[in-house]
Amino acid sequence: MDNRLAYVNNRFIQVDEPIVSLEERGLQFGDGVYEVIRIYRGTPFTLNEHLNRLAQSAASILLAMPKTTEEIGTLIREGIERAGIAEGTVYVQITRGTAPRNHAFPDGVEPNLYIIWKEGAPSLDRQRAEGVAVCTYPDERWHNCYIKSICLLPNVIAKEKAKQKGGHEAILIRENEVKEGAATNLFIVKDGVFKTPIADQSILNGITRQKVLSLLRLKQIPVVETRLTMEDIEVADEVMITSTTQEVIPVTRIDEQVVGTGKPGPHFAKLLQWFHEEVKRECSLQTKW
Ligand code: PDD
């Protein structure tokens, strides 16, 4: 039995309670959007940024939010308190609702809101100490990767193929440009300058990516958003990936090639320290419940 806390439409439930209809549009069409938010010390980190992106993703697929971002934020905090979570994550998903299968949007159907709270976060100590290997893979996704859509099949396949080759993450390449990971954004450092792909429609503008950019700018570290190719990656001094669940992870091998010295570098170490200072600043040392 899995008694983790979840929320569906207007009530709190246990995550394993059978509630989803076979004609849920998320299930049949992947017709929905989502967010993953990290909880530190009982506080959801960068909650407003995630909720704003959720609203933008919903608007981009012409989906009306079933509740305001403020209401969803209040529910998220209530769930953290009910479940007594200090360290963990929250998954939020909104789909176009439940209706007899038909590609066109159903009339008069309410969207479905799902929230799942998860206690605990995997240790990243080994990955931070040793760095990770990643594998490049052609980016087979659609043209609107800026939307955090639940249609993740190309991401899932790329990540699995990387895993089968012993890689920690798949790095997606489109028209000769390095874009992002299957579930992470990418930064490189060359001669003291941080570089990351431009957040146009071809990547997800990660909340962690945006936080890293603002921290680097605050610390007056040179950083550019630019086109990146495999040639840039090959001569980089350091490479790292970022996401809500992985924070910042150093990449020490890409396919067969060693990155820089083959060990996590000083820019990574400094950035991770600044990131953790920011988490501490935003998520007060005391749990909120
Ligand atoms: N993934 N790029 C993609 C394709 C992603 O799916 C994610 C997040 C990111 C990083 O975004 P953020 O910093 O906002 O987490 C970049 C989440 C964590 C997931 O699907 O589990």
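The values are calculated or read from the model by the stated rules, or taken from the named source; none is laboratory data. Keep in mind that this is a model prediction, so the values were computed, not measured. Glycine gets a Cβ as well: all are built from the backbone with ideal geometry, and neighbour counts include every protein chain shown. We work out accessible area using only protein heavy atoms, side chains counted, and drop any ligands, DNA or RNA first. Shrake-Rupley method; radii C 1.70, N 1.55, O 1.52, S 1.80 Å.
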Among (1) among the aromatic types (Phe, Trp, Tyr); (2) within 13 Å of the ligand (Cβ to nearest atom); (3) crowded, with 18+ Cβ neighbours inside 10 Å, where does TRP117 come up short?
(2)
Filter region 1-12 for residues that are modelled with pLDDT of 90 or more and open to solvent by less than 60 Å² (accessible area, probe 1.4 Å); which is farthest from GLY97 (Cα to Cα)?
LEU5
Can you work out which of the residues in region 181-204 that are touching a residue at least 60 places away in the same chain (Cβ under 8 Å) and within 8 Å of the ligand (Cβ to nearest atom) is farthest from the chain's Cα centre (by Cα)?
GLY181
Check region 130-146 and report whether any residue there is among the aromatic types (Phe, Trp, Tyr), outside any loop (DSSP other than H, G, I, E, B) and in the same structural domain as THR229 (by TED's automatic domain parsing).
yes
Go through region 125-146 and report how many residues are in contact with a strand residue (DSSP E or B) (Cβ under 7 Å, 6 or more places away or on another chain), within 13 Å of the ligand (Cβ to nearest atom) and not charged (D, E, K, R).
1
Residue check, GLU49 of a type in the set (Asp, Glu), under 24 Å from GLU278 (Cα atoms) and away from the ligand (no atom under 16 Å from the Cβ):
no
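Listed here are the residues, each with its yes/no results for (1) surrounded by 14 or more Cβ atoms within 10 Å (Cβ to Cβ); (2) assigned to a strand (DSSP E or B); (3) not assigned by TED's automatic domain parsing to the domain that holds ILE207.
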| site | (1), (2), (3) |
| --- | --- |
| GLN28 | yes, no, yes |
| ARG38 | yes, yes, yes |
| HIS50 | yes, no, yes |
| ALA58 | yes, no, yes |
| PRO66 | yes, no, yes |
| LEU75 | yes, no, yes |
| ILE80 | yes, no, yes |
| HIS103 | no, no, yes |
| LEU113 | yes, yes, yes |
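Quick grid of which residues meet (1) surrounded by fewer than 23 Cβ atoms within 10 Å (Cβ to Cβ); (2) more than 13 Å from the ligand (Cβ to nearest atom):
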| site | (1), (2) |
| --- | --- |
| ILE207 | no, no |
| LYS211 | yes, no |
| LEU218 | yes, yes |
| GLU231 | yes, yes |
| ALA236 | yes, yes |
| VAL239 | no, yes |
| GLN246 | yes, no |
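On the given criteria, is ALA269 among the hydrophobic types (A, V, I, L, M, F, W, C), under 24 Å from SER57 (Cα atoms) and open to solvent by 10 Å² or more (accessible area, probe 1.4 Å)?
no
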Six or more apart or on different chains, Cβ atoms under 7 Å: show the pairs whose first residue is in region 9-20 and in a loop (DSSP other than H, G, I, E, B) and whose second is open to solvent by less than 60 Å² (accessible area, probe 1.4 Å).
ASN9/ASN112; ASN9/LEU113; VAL15/ASP2; VAL15/ALA6; VAL15/ILE116; ASP16/ASP2; ILE19/VAL8; ILE19/ILE13
VAL15: under 19 Å from GLU78 (Cα atoms), away from the ligand (no atom under 16 Å from the Cβ) and open to solvent by less than 70 Å² (accessible area, probe 1.4 Å), yes or no?
yes
